[in-house]
Amino acid sequence: MLRTVLDHGPIARSTIARRTGLSPAAVTGHTAELTELGLLRELPEVGGAIGRPHVPVDLDTAHHVIGGIHLAVHFATVALLDVRGRVLVQRVIPHPSLDPVTVLLGAADALLELGRPHGIGVATGGWVDERTGSIIDHPLLGWRDVPARDLLTGHTGLAVAVDSHSRALVHAERLLGQTRARASVVQLFAGNVVDAAFATGDTVHHGPRSAAGAVAHLPVDDSTEPCDCGRTGCLQATVSEQTVARKAGLPFTELLDLAKKGDANSIALFHERARLLGQAAALLLDVLNPEILIVVDQSVHHVPGCLSALREEVDVRSWICDDAEKVVVPSSFSGRELATAGGAVLLNALYQDPLSTSLRRTS
Ligand SMILES: [Zn+2]
């Protein structure tokens with residue numbers, strides 16, 4: 001019901017009943033509960049003169065803000081979002097060390113300086129177990145079995161949900177972004193960590209121990225890049241931002257800036273990388289046949305020609321995708337994906353079961 005209001009609000013209760021299949025009495029009951037929780041509000045009555053008056057309802061964005069923490073390899077992004085998933089404020093904090101407790105509690109303190117959220121979502125790369133709220137393995141941070149949820153709940157007293165950044169952004173797309181993603185979606189995330197996520201119907205796939213989506217060591221053609229796993233030519237080792245920066249002899253952000261300004265050598269490096277990502281995208285498309293494949297990558301967003309290069313590679317390599325322009329699309333959250341990812345973990349929990357996320361009205 002909350003998702004129906006998110007999609008269509010302001011909306012009349014009779015329309016909610018029609019769209020959700022709930023009885024008018026159930027809609028009235030849920031509306032009262034969700035209003036009490038500060039998630040819905042009633043708007044002024046409309047109509048009246050002709051027919052029955054009705055009181056439309058909409059999301060109440062005035063009561064709750066959602067906290068988000070995204071942990072990258074070198075920095076944390078902390079953000080507050082409203083219940084529509086809009087980023088209200090964000091801040092980037094370089095990691096003071098790689099000690100997990102220092103990083104997590106420092107990020108939480110920075111978040112609480114922005115405001116008091118009603119729960120915190122945490123997203124990061126690597127292997128994350130959403131069920132236990134722990135980061136099982138994040139090789140680039142050197143973290144193993146970090147109980148992130150318990151640490152943060154203990155420190156803040158707030159409800160905390162933890163998931164991988166790829167799955168977080170799939171939740172965000174399905175709730176707030178591209179509606180085609182609600183049928184089925186694969187997402188390929190390329191930063192320093194390279195991983196994937198898959199959802200079909202209402203289910204984002206986790207698999208046993210939440211290990212789904214680990215494409216870091218997928219072999220790619222035309223690469224001899226050594227990987228920490230002992231082999232050569234693994235996807236993540238080949239296309240990670242660190243590798244591209246090392247090859248160019250520049251920090252990644254400088255390289256990206258040069259490409260944005262039209263520097264031919266930098267653009268060529270990104271096009272080569274986009275084609276390598278296209279190899280992985282084609283394979284994922286063939287295995288999972290999703291409605292859309294979403295690419296989360298800074299160069300796809302910023303560098304002219306990257307998305308086309310990636311799509312061309314998909315057209316060449318995929319056996320089943322004959323229209324990569326339609327199927328392969330950039331993230332809806334380009335430029336704010338990190339700020340969105342953390343909050344999306346909690347928003348997903350909220351929209352799945354608003355009564356259990358322990359939100360209390362605080363007016
Ligand atoms: Zn490897």
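Rule-based calculations on the coordinates, nothing more; no lab input. This one's a predicted model, so the numbers in the text were calculated from it and none came from an experiment. Neighbour counts are summed over all protein chains in view; Cβ atoms, including those assigned to glycine, are modelled from backbone coordinates with ideal geometry.
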Rounded to the nearest 20 debye, what is the charge dipole size of segment 130-171 about its Cα centre when +1 sits on each Lys and Arg Cβ and -1 on each Asp and Glu Cβ? 40
How many percent of DSSP beta bridges within segment 179-330 run antiparallel, rounded to 5? 60
Have a look at 159, 204, 183 and report the one farthest towards the positive end of the charge dipole of the chain, computed about the Cα centre with Cβ charges (Lys/Arg +1, Asp/Glu -1). 159
Ranked highest first by average number of other Cβ atoms within 10 Å, how do 177-188, 257-268 line up? 177-188, 257-268
State the antiparallel share, in %, of DSSP beta bridges confined to segment 1-127, rounding to the nearest 5. 80
Eligible aspartates and glutamates near residue 326 by straight Cα distance, threshold 17 Å, same-chain separation 8 or greater: 173, 286, 291, 312, 313, 315
Sparse-neighbour loop sites [trypsin sites (Lys or Arg not before Pro); segment 264-363; at most 15 other C-beta within 10 Å; DSSP]: 360, 361
Amide H within-cut-off set for residue 192, under 5 Å, with H built and near neighbours excluded: 241
If you restrict to DSSP beta bridges whose two residues both lie in the chain, what percentage is antiparallel, to the nearest 5? 65
Out of 288, 250, 140, a Gaussian network model of the chain with alpha-carbon springs under 10 Å gives the largest mean-square fluctuation to 250
Label-point separation in nm, residue 3 to residue 45, each point 7 Å along Cα→Cβ: 3.4
Run the dipole for segment 90-210 about the Cα centre, Lys and Arg Cβ at +1, Asp and Glu Cβ at -1, nothing else charged, and hand back the magnitude in debye, nearest 20. 340
Which value in deg cm²/dmol, rounded to the nearest 500, describes the helix-derived mean residue ellipticity at 222 nm for the chain, given -39,500 (n - 2.57) per DSSP H run of n ≥ 4 and division by the residue count? -12000 deg cm²/dmol
Towards the positive end of the charge dipole of segment 2-59, with charges on Cβ (+1 Lys, Arg; -1 Asp, Glu), say which of 32, 12, 57 has the farthest Cα. 12
Per-residue Cβ contact counts at 10 Å, fewest first, order 195, 129, 323 as 323, 129, 195
Sorted by chain and then number, the residues having a modelled amide H within less than 5 Å of the amide H of residue 225, at least 5 places away or on another chain, are 233
